[in-house]
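What follows is a short report on a single structure.
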Amino acid sequence: MICAAAALAFVGLGSSVLSAQRPPLRVCADPDYLPFSNRAGQGFENRIAETVAKALGQPLEYTWADTRGRGGFGEFLGRTLDAKTCDVVMGIPYGNREELTTQPYYVSSYVFVFKKSRKYDIKSMDSPILRKLKIGLEGETPVEDGVKSRGMLDRTTIFDVGSTSGLSPATMLDALDKGQIDVLMTWAPAIGFFLNRYADLEVVAVPNARTLGSPEQYVFPMSMGVRQSDQALKQRLDQVIATHQAELTAILKQHGVQLYTP
């Protein structure tokens, strides 16, 4: 019995040592941008990265870099993934032209957010009531383009959450709660984690549209990104997504990420 127990312990130790000897999964992430990621590992992209690394049997290692500095997300990718200081980015739109993307592991959308008590009839960017409301939205996003093309920008407050380091997406919800705006248009994953602070808010997905001619995309499949040359890692990540999708989905839901369903 003692020999058997010792043998089992040795096998477990051997497995642990083997995992530790494998090269780390090097992930690029923002150190201070909840609900996505932070150094304390509290974001949903932190949890996704942990799950992926565990499934691959590799230790997790972060390269921290601001995603909201000058040049935005594209500059972030250039300074990290393309510079080979890390190998994977969590949460990149599927089909991104600069990087190689895995199969999507979730689909979400931009959303309209407003107080339930107002009972606004808002179903799309062309809902007539929008022309009478004070709108708030994130700058340099598809919803800003949609509002601008419809001539509604003069009644719009633009929040620079996506380009200003340290600014929380919750700032937009505070403005809505205080009546500074009537309806907020934003990326659903950015605010889901904070919605439990606000009991009287309605959230409606912004559907894709083609009302004014050119296609308008507000629904996006989200993937993991690697360098164009790293087909082998992409295939390994695709396998993890396929076999651990339920676990990944559970993490997203735990963090309030609204998943899009047509």
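The values are calculated or read from the model by the stated rules, or taken from the named source; none is laboratory data. Because the structure is a prediction, the values reported are computed rather than measured. Here the Cβ is made from the backbone with ideal geometry for all residues, glycine too, and neighbour counts use every protein chain on show. All accessible areas refer to the heavy atoms of the entire protein, side chains included, with ligands and DNA or RNA removed. Shrake-Rupley method; radii C 1.70, N 1.55, O 1.52, S 1.80 Å.
Whole Å is fine, so just give me how far the alpha carbon centre of the range 56-81 lies from that of the range 166-185.
Here the two parts' Cα centres lie 27 Å apart.
Assuming 0.36 nm per residue, please report the length gained on full extension of the stretch Q228 to E98 beyond their Cα-Cα distance.
Values: separation 130, 0.36 × 130 = 46.80 nm, distance 0.77 nm.
Working it through step by step, the gained length comes to 46.0 nm.
Using 0.36 nm times the number of residues separating A242 and K54, minus their current alpha carbon distance, what extension gain do you get?
Values: separation 188, 0.36 × 188 = 67.68 nm, distance 1.47 nm.
That works out to 66.2 nm of additional length.
Taking Cα atoms, how many degrees apart are the long axis of helix 231-254 and the longest axis of the chain, rounded to 10 and kept between 0 and 90?
Rounded to the nearest ten degrees, it is 60.
If I compute solvent accessible area with a 1.4 Å probe over the protein chains, what percent of it on the chain is carbon and sulfur?
Working: 7010 of 13130 Å².
Carbon plus sulfur share of accessible area: 53 percent.
Magnitude of the Cβ-charge dipole of the range 124-262, K/R +1 and D/E -1, about the Cα centre, nearest 20 debye? Before the final figure, lay out the partial values.
Working: 13 positive and 16 negative charges, 30 e Å.
So the magnitude is around 140 debye.
Considering the dipole of the range 127-262 built from charges on the beta carbon (Lys and Arg +1, Asp and Glu -1) around the Cα centre, which of T261, G136, M224 is farthest to its positive end?
T261
Please report how many Lys pairs in the chain have alpha carbons closer than 25 angstrom, counting only residues at least 8 apart along the chain or sitting on separate chains.
The number of close lysine pairs in the chain is 29.
Any idea what the relative contact order of the chain is, in percent, if you count C-alpha pairs under 8 Å spaced at least 6 apart? Before the final figure, lay out the partial values.
Details: 452 pairs, mean separation 68.2, N = 262.
Relative contact order of the chain: 26 percent.
Name the longest site-free stretch of the chain, where the excluded sites are trypsin sites (Lys or Arg not before Pro) in a DSSP loop with no more than 13 other beta-carbon atoms within 10 Å. Provide the component values of the computation, followed by the final result.
Details: sites that count: R39, R70, K84, R97, K119, K123, K178, R210.
Segment 124-177 is the longest.
Just how large is the dipole of the chain about the Cα centre, in debye to the nearest 20, putting +1 at every Lys and Arg Cβ and -1 at every Asp and Glu Cβ? Let's see the in-between values first.
Values: 28 positive and 28 negative charges, 82 e Å.
Dipole magnitude for the chain comes out near 400 debye.
In what order, largest first, do H244, H255 sit by accessible area if the probe radius is 1.4 Å? Provide the component values of the computation, followed by the final result.
Details: H244 55, H255 20 Å².
Output order, biggest surface exposure first: H244, H255.
Can you give the relative contact order of the range 125-262 as a percent, counting alpha carbon pairs under 8 Å and 6+ residues apart?
Values: 123 pairs, mean separation 32.5, N = 138.
Normalised by residue count, the contact order of the range 125-262 is 24 percent.
In degrees between 0 and 90, to the nearest 10, how far off the longest principal axis of the chain does helix 2-21 point, with axes built from Cα atoms?
Tilt of helix 2-21: around 50 degrees.
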